[in-house]
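The structure appears right after this line, and notes come after that.
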Amino acid sequence: MVFVPTKNALLAGRYEFERPVGEGGMGAVWRARDLRLHCPVAVKVLWHDGRDSEALSQRFLREARVAASVQHVNVVRTTDFGIEDDTPYMVMELVEGESLADRMGKRPPLSINECVEIASSVLRGLAAAHDVGVIHRDIKPENVHLVADRDGVFPKILDFGIASALKPEGRVSVQTTQAGGLVGTPHYMSPEQARGLPDLDARSDVYAVGAMLYEMLTGATPVDAELPGDLLLAVVKEAHVPAIERRPELGKRLSHALDIALRKDRDERYPTASAFRKALHDAIPKTPKSRPDVTGPIQIRDRMISEPPGPTDRPTLDADELLSGAYLPPPAPPRSRTALLVGAAVVLAAALVAVGIFLGASEGEVASPTADAPQTREAEAPEAPEPPAPTATVAVPTAALPPTEVPAEGPPVEEAEEAPEAPVRRRAARMRAATTEMAATPAEMAPVSEMSASMGTPTAFRDLDY
């Protein structure tokens, strides 16, 4: 009894078929649900008509093992395989999206960078396959699926159906078609593959990716012909038109990288998929990362920062805007030497005023014993006069103040308190005058926002990479 895939059919007691997603000459692919893992999968089943079914089944299972040996994000995963009711099957990761062939037929066309990125990702997947001794042999736009996730769209390689496993010395050990038969799609087939050579290696896949990228960039295949036989001859003998002649904006380096990948002699091609990928990477010009030019406008988070404003054209900064990092203050102009001297003078004047106020209070407290000193000396003439200790202690820092005369008679307390009043007023007047002069000269005194800018860029912008 042969298993026939139909809707709701159950395969291996685990995979419930939902709908077909594609058919080919050797089998069909169905969307199914894994009842054990509760996730969607793709199941490929093999057609056979009873003739040489054992050989077909063995080739199919070898294909499944080959595909399962390749583990890479750019290759569709094979998770299970087996035989159910004489029907070989293979269970694969289900990919949603569209094929590269479908995307190439839509508008707008893919950009140059998008084409190179797709080819680069395909080469990464093929490099992983080559590393475990597998060549694909049928790379074409129909076998590259564009899958979308949260990070964007990336390609996955499908259908290792005619893949070959390589012996350590690089020769083919598995044929998935009848001996001597051609496998592959002629437009993307390498010359050695078109000739039917058995010893294919990674350079055959390199050629196929080059032909696919050539078509993505120029809209034409490297060679073409009406009849299949003529097409195979063209693949082997006919030189392709350089890509730059079909599309000059591709540039010489990218066109030259394609020329090397499409060489008829495989010894002249890139030896590995990784080497071709590096050549493509080097062929695309990179924008150098550098510090921004502060003399011109700079785009930062949808805001423009132009040349620093003049002294009378100060920008008004919003506190929330500055903290959020949406605005970068312009660098402050260098502060003049005069502004620094004026600032120092203000600080010194304030210190002197404070000392004067302190001395006034102290002299008021010790003025009474100083005024009574002459009377004490008349009453006790024989004794040696003692120096008034409190007066000597307080008088030390008063060298910078005008001397205060204390009369022998009269109320000493009031006069001692009024004595320092005039110097304090004079110093306060000088301080106000200096402050007024500083406020009237904005060119010499940088505002707070510019002083902050001169101390360094805020942390939110210091590591910003333009």
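Quick look at the numbers
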| read-out | value |
| --- | --- |
| Amide hydrogen neighbours beyond the local backbone of residue 80, cut-off 5 Å, H modeled | 91 |
| Kirkwood Rh in Å, taken over segment 13-167 so that all alpha-carbon pairs contribute | 16.5 |
| For segment 7-80 and segment 188-257, distance of Cα centres in Å | 32 |
| Sequence of 281, 130, 187, 38 once ranked by neighbouring C-beta atoms within 10 Å, starting from the fewest | 38, 281, 187, 130 |
| Residues whose placed amide H lies under 5 Å from that of residue 135, excluding near-sequence neighbours | 164, 166 |
| Proxy reagent accessibility, fewest Cβ within 10 Å first, across 85, 201 | 85, 201 |
| Per residue Cα convex hull volume in Å³ - calculated over segment 1-94 | 94 |
| Ranked 190, 121, 57, criterion: other C-beta atoms within 10 Å, fewest first | 57, 121, 190 |
| Cα Rg, Dmax (largest Cα-Cα span) when computed across segment 97-286, Å | 15.8, 47 |
| Full-extension gain in nm, residue 35 to residue 247, via 0.36 nm per residue minus C-alpha separation | 71.2 nm |
| Sequence-distant residues sharing a close amide H with residue 47 (under 5 Å, placed H) | 27, 28 |
| Whole-number percent relative contact order across segment 1-156, with pairs defined as alpha carbons under 8 Å at least 6 apart | 18 |
| Scattering curve values for segment 75-157, log₁₀ I(q)/I(0), Debye with Cα scatterers, q = 0.26 Å⁻¹ | -1.39 |
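All of the numbers you see were taken from the coordinates with simple rules; none came from a lab. Model, not experiment: these values are computed from the prediction. Cβ coordinates were reconstructed from backbone atoms using ideal geometry, including for glycine residues, and neighbour counts include every protein chain displayed.
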